[in-house]
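The values are calculated or read from the model by the stated rules, or taken from the named source; none is laboratory data. Just so it is clear, the model here is predicted, and its values are computed rather than measured. Here the Cβ is made from the backbone with ideal geometry for all residues, glycine too, and neighbour counts use every protein chain on show. Just the protein is used for accessible areas: all its heavy atoms, side chains included, with ligands, DNA and RNA removed. Shrake-Rupley method; radii C 1.70, N 1.55, O 1.52, S 1.80 Å.
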Amino acid sequence: MKVVSGDRRDDAVPHKVTLSPIYTPMATIKCDGRAQFRSQQARDFACLLDLDPDVARWNTVPPPLRNGDDEYQVDFIVLTEGGSFLIDVGQEEPMPPIWLSAQIESMGHRYRSVAMVDFAESVRLQNAKDLLRYGFYRPPLGDRIRLLAGIEEMGSLTIAECLSAIQEGRPMPTLASLILQGFLEVDLDDDLLSPESQVRRIRG
């Protein structure tokens, strides 16, 4: 799993969810149902899920995991083209009970543990969080068509050029929303987003 949305429907807008204000950013894109995070680390990892093109959807209500009187809680069930994962997130790598992996496999899923300390210097995570600040914004149709047509003609535009082309809506929220909705893409891994970052059109 590669940890921007591939959904291009006109009604593809983020779920508006009620979260604790300490778990930011507030918007989610691919969450199926209400997002209820157990920690800021889990919330941060969900930002990566939302910007992962291999992820179809995720939720924070994974099936219960029990072995006799023992019970264990993971953070996510994640659906991808390659199958489904139950994901356990911690600041350091989680240490699950020995029975957990086999039980998860018997349910038809795969187990993955995530240590968010590994993402402490992640450019992708910072870019994802910056974009998701604008996740509730709905861009005007005119700006969407104008940007897509301009990038179609030029092949790519810089972020600065895209912002100057937006006429009806708020420039940065409009561009960020089109990236989050899967109309446009930028390189999230190379460096922090800047005026010179190249924006390209996503085609199905």
The condition of being in a loop (DSSP other than H, G, I, E, B), in contact with a helix residue (DSSP H, G or I) (Cβ under 9 Å, 6 or more places away or on another chain) and under 27 Å from residue 26 (Cα atoms) holds, among 89, 74, only for 74
Please verify whether the range 85-93 includes one or more residues that are touching a Phe, Trp or Tyr at 6+ places or on another chain (Cβ under 7 Å), closer than 20 Å to residue 183 by Cβ and at pLDDT 95 or above.
-> no
Note on the range 83-106: residues more than 18 Å from the chain's Cα centre (by Cα), of a type in the set (A, V, I, L, M, F, W, C) and surrounded by 12 or more Cβ atoms within 10 Å (Cβ to Cβ) are 99, 100, 104
List, please: which pairs have Cβ atoms under 9 Å, are six or more places apart or on different chains, and start with a residue in the range 176-204 that is under 20 Å from residue 138 (Cβ atoms) and end with one that is open to solvent by 80 Å² or more (accessible area, probe 1.4 Å) and of a type in the set (Asp, Glu)?
-> 199/161; 201/152
Extreme residue, nearest to the chain's Cα centre (by Cα), among residues of the range 22-64 that are open to solvent by less than 10 Å² (accessible area, probe 1.4 Å), among the small types (Gly, Ala, Ser) and under 25 Å from residue 105 (Cβ atoms) = 46
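Which fully enclosed helices (runs of 4 or more DSSP H) of the range 110-204 have 2 or more residues being within 17 Å of residue 52 (Cα to Cα), open to solvent by 50 Å² or more (accessible area, probe 1.4 Å) and at pLDDT 95 or above?
On the way: elements: 123-132, 141-154, 159-165, 171-180.
Of the helices (runs of 4 or more DSSP H) lying wholly inside the range 110-204, those with at least 2 residues that are within 17 Å of residue 52 (Cα to Cα), open to solvent by 50 Å² or more (accessible area, probe 1.4 Å) and at pLDDT 95 or above span 123-132.
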Per the filter on the range 22-33, residues assigned to a loop (DSSP other than H, G, I, E, B) and either among the aromatic types (Phe, Trp, Tyr) or modelled with pLDDT of 90 or more (or both) are 23, 25, 26, 27, 29, 30, 32, 33
